[in-house]
Structures are given as structure tokens and as C-alpha cells.
Amino acid sequence: MKKTVHIKNITIGEGLPKICVPVIGSTREEILMQTEAAAAHSPDLLEWRVDFFEECMDEEAVSSVMQDMREKMGEIPLLFTFRTAREGGNRSISAKDYADLLRSAAKQSPDLIDVEIYMDGVRDSGLIEQLQTQKIRVIASNHHFEGTPSAEEMLSVLGDMELAGADILKLAVMPQNTRDLLKLLSVTEEGSRRFAHPLITMAMGGCGVLSRIAGEQFGSAVTFACVGRASAPGQIPIAKLREMMSKLHEFGEKM
């Protein structure tokens, strides 16, 4: 049976893909300004990319900023993400510090936390279960900024995420051509049938833009848009993305 994830006023894995906007400020002031600007566009989710924050290893600073963000976000769910440098993020971090950071962040009760599934020790450490016991939903993630793995490899990655007990399975790749894009879309369609949990997939860069728009048609439950500066190649401004997704949905319903 296909599962959905209910958070506040949204259901991930049902209806149109939910739109998430990242916040990537390096200072408290930038983060709060970006949060306010993003919230004004009413995204379904807001992602705090903590790896951009210059005080990201200061537990008190992270907690304080998160509290201030929540005040500006209202009922918009918050996704807490530290993207490591080896998966395209802004900062390197040890496996121990990574796990400690996520456990510390959980004390402030973000709605979701991103966990890189292949970070050393993650699958054996009980980290995912520890976060879930605090009523936090976990997005297991894996990013390939250098290319697109084979279909078999991508399905295997998604399978590892499901076996690890994640609530949502996320895979991002960098296509070199249209064949890579089609491979990712095909994996998404098959994965949405094979796995019980909602998927988030995307092909980054200009070649992969279709994957950010057509999640409803292929089985991806969340897409990422920007308000101002993008956090990854190929992100579309939220107003344009919402319009294109709506038109595609409308046309599909009429067929």
C-alpha cells in the first residue's frame, strides 16, 4: 500500500507535487530576510540549508535562528538540511559532527530532517530512528553532481533508503544529455510503483528542468523552486514553476 506523509496542512505523496523553497543565507540577518521573502510566496515547504550558515557548528546559534525562522514561517513546514560537500553542499563535516548536528537540531522540532543515506555510519547508527522517535519525518537523500548512475544503481539507492526506514526517499542526479534525463524519469516512474514511501527525484541543470515540472506525471512528490538565489542548478522561480505545474495538471485532467 502506498504511504503518504502528513505534515501540518500538507500531504506529501498525494495530489500535485509540493513546492519547497530553500533558504541559503550565511548570516542570521540573511536567513531571516530570505525566510520572510520565501514565506510571502506561500510555498508548501521551506528548507533551511544550514551548510550555508557561517555559525552552523554553534548549537545555540542554530537553535536560535531556527526559532526565529519558525515565527516568520507560520504554518509552513520546515525541512532542516545540512548538505555535505561530497554531495554538492557548501561545507565539509565529519560523520560524528554531522550526526551530532542533526540530533541537536531535532530538539527544536523541525518538521523534517534530511539525512544523507551514505554518510559514514548513518544506516547502522540508529540516527533515522532516533529522529523519528521525536516525531520528525526523515528524508533520506543521495546526490550525484558528476553524472547519472545506471537505472539499476538508482533503484538500488532508493531501495537502501526504504530499508533504512526513511519516510521519504530523495535522489538527485546531474544529466549530461536527454538520455540521462529519460533514465531518471523512468526510474522515478518505476520507483513510485515499487516503493511504499513517497519519492523526490530530480535531474539538475538545464537538461533536467522537465523533472522539476513533471513530478506529478512520473511520481515525484516534491519539487524545489527558488525565491532569489538558487541552491542547486536548474531551480525555477516559484511563480513560474507553480504556473507550469498547474498548466500541465490542467491539461492532463482534460485528456
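The values are calculated or read from the model by the stated rules, or taken from the named source; none is laboratory data. Treat the numbers as computed from the prediction; the structure is a model and nothing was measured. Virtual Cβ from ideal backbone geometry, glycine too; neighbours counted across all protein chains shown.
Would you please name the residue that is farthest from Thr84 (Cα to Cα), looking only at residues in the stretch 1-41 that are out of contact with any strand residue (DSSP E or B) (no Cβ under 9 Å at 6 or more places or on another chain) and of a type in the set (S, T, N, Q)?
Asn9
Which members of the stretch 108-137 meet the condition of being without any contact (Cβ under 8 Å) to a residue 60 or more places away in the chain and part of a loop (DSSP other than H, G, I, E, B)?
If the condition is that a residue be without any contact (Cβ under 8 Å) to a residue 60 or more places away in the chain and part of a loop (DSSP other than H, G, I, E, B), then Gln108, Ser109, Ile117, Tyr118, Met119, Asp120, Gly121, Gly126, Thr133, Gln134, Lys135, Ile136 are the ones that fit.
Applying the selection to the stretch 82-107, what residues are under 14 Å from the mean Cα position of the chain (by Cα) and touching a residue at least 40 places away in the same chain (Cβ under 8 Å)?
Of everything in the stretch 82-107, those that are under 14 Å from the mean Cα position of the chain (by Cα) and touching a residue at least 40 places away in the same chain (Cβ under 8 Å) turn out to be Arg83, Glu87, Gly88, Gly89.
Consider only pairs whose beta carbons are under 8 Å apart and that are at least six residues apart or on different chains; among these, list those whose first residue lies in the stretch 19-40 and is closer than 15 Å to Ala225 by Cβ and in contact (Cβ under 8 Å) with a residue 40 or more places away in the chain and whose second residue is part of a helix (DSSP H, G or I) and among the aromatic types (Phe, Trp, Tyr).
Matching pairs, first to second residue: Ile24/Phe52.
For the stretch 145-173, how many residues are at pLDDT 95 or above and within 16 Å of the chain's Cα centre (by Cα)?
Within the stretch 145-173, residues that are at pLDDT 95 or above and within 16 Å of the chain's Cα centre (by Cα) number 12.
Could you grab me the full set of residues in the stretch 13-40 that are assigned to a loop (DSSP other than H, G, I, E, B), among the small types (Gly, Ala, Ser) and modelled with pLDDT of 95 or more? Lay out the reasoning, then the answer.
The first filter runs over the stretch 13-40 and keeps only residues assigned to a loop (DSSP other than H, G, I, E, B), leaving 13-17, 24-27, 40.
Right, trim to among the small types (Gly, Ala, Ser) and you get 13, 15, 25-26, 40.
Across the stretch 13-40, the qualifying residues are Gly13, Gly25, Ser26, Ala40.
Conditions (1) without any contact (Cβ under 8 Å) to a residue 12 or more places away in the chain; (2) surrounded by fewer than 19 Cβ atoms within 10 Å (Cβ to Cβ); (3) not aromatic (Phe, Trp, Tyr), marked per residue:
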residue	(1), (2), (3)
Ile139	no, no, yes
Phe145	no, yes, no
Val157	no, no, yes
Asp160	no, yes, yes
Ile168	no, no, yes
Ser192	no, no, yes
Ala196	no, yes, yes
Ala203	no, no, yes
Gly219	no, no, yes
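Output the number of the condition that Glu243 fails; it satisfies all remaining conditions of (1) under 19 Å from Val157 (Cβ atoms); (2) in a helix (DSSP H, G or I).
Result: Glu243 fails condition (1) only.
Would you be able to say whether some residue in the stretch 46-64 is closer than 23 Å to Ile168 by Cα, assigned to a loop (DSSP other than H, G, I, E, B), touching a Lys or Arg at 6+ places or on another chain (Cβ under 6 Å) and among the acidic types (Asp, Glu)?
Within the stretch 46-64, not a single residue is closer than 23 Å to Ile168 by Cα, assigned to a loop (DSSP other than H, G, I, E, B), touching a Lys or Arg at 6+ places or on another chain (Cβ under 6 Å) and among the acidic types (Asp, Glu).
Could you list all residues from the stretch 180-195 that are among the aliphatic types (A, V, I, L, M) and closer than 14 Å to Leu155 by Cβ? Even if it seems obvious, please write down each step before you answer.
In the first step, residues of the stretch 180-195 are kept if they are among the aliphatic types (A, V, I, L, M); the result is 181-182, 184-185, 187.
The answer is Leu184, Leu185, Val187.
Would you mind finding the one in Gly89, Gly74, Gly13, Gly25 that is surrounded by 15 or more Cβ atoms within 10 Å (Cβ to Cβ), at positive phi and not hydrophobic (A, V, I, L, M, F, W, C)? Quick ask: steps written out before the conclusion?
Numbers: Gly89 fails: at positive phi; Gly74 fails: surrounded by 15 or more Cβ atoms within 10 Å (Cβ to Cβ); Gly25 fails: at positive phi.
Exactly one residue qualifies, and that residue is Gly13.
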